[in-house]
């Protein structure tokens, strides 16, 4: 008989409970009962309830970062690789959307706690941003992604779009939730299609007016 993984049992029970009520309403006694373990067993694996919540929400996060960094199929274009990354990150956000909503709802209170979930989440998020930024750097090197913005900034924008897809558009038609749509918006923005010459002139004019670094839309046109 396979040995029982009590840590996983506790996390599965905690996830079910944390997604039904607010964080402060759940007790470790309830988690222990749902997981069919003694209350003391919980503290063998987790420092406290906040640690249990955080580890439950972040379960699989390190694996996600490794998947993002993993090279795509041999011969795949950069766009295909980025689409694969969107799928991996999007699926993770979708699986954890209820816990992430709870984390945001508790954000103010957690920020007041030493070593808070908020701070720990920011540390993990930086890992994911760095992993996505490494992929975007490949696009910059291939001259298909603009280079006037740091890859980390672009990674934050892309991750924000994927979080919105998972969190706020869960009930939207599947046609607008496709990762190809997300990626197209990331590449080209939401503006109506115009001729490249017109877009370039408008963009340069706006840059001069606002004192911003100029770029011709979402994609670099160099090397074309």
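General remarks:
- A full extension of the chain between residue 100 and residue 22 corresponds to an added length of 26.9 nm, given 0.36 nm per residue minus the alpha carbon distance.
- Segment 1-57: relative contact order in percent, alpha carbon pairs under 8 Å with at least 6 residues between: 45 percent
- Going from the fewest other Cβ atoms within 10 Å to the most, the residues 48, 9 appear in the order 48, 9.
- Extension gain from residue 168 to residue 130, taking 0.36 nm per residue of separation minus the Cα-Cα distance: 11.2 nm
- Taking the inverse of the mean 1/r over every pair of distinct Cα atoms in segment 1-57 gives a Kirkwood hydrodynamic radius of 11.2 Å.
- Separation in nanometres of the label points that stand 7 Å from Cα toward Cβ, at residue 9 and residue 188: 5.4 nm
Computed from the coordinates by the stated procedures, all read-outs in this text should not be read as laboratory data. Since the structure is predicted, the reported quantities are computational estimates derived from the model, not experimental observations. Because the Cβ atoms are built from the backbone with ideal geometry, glycine has one as well, and the counts that use them run over all protein chains shown.
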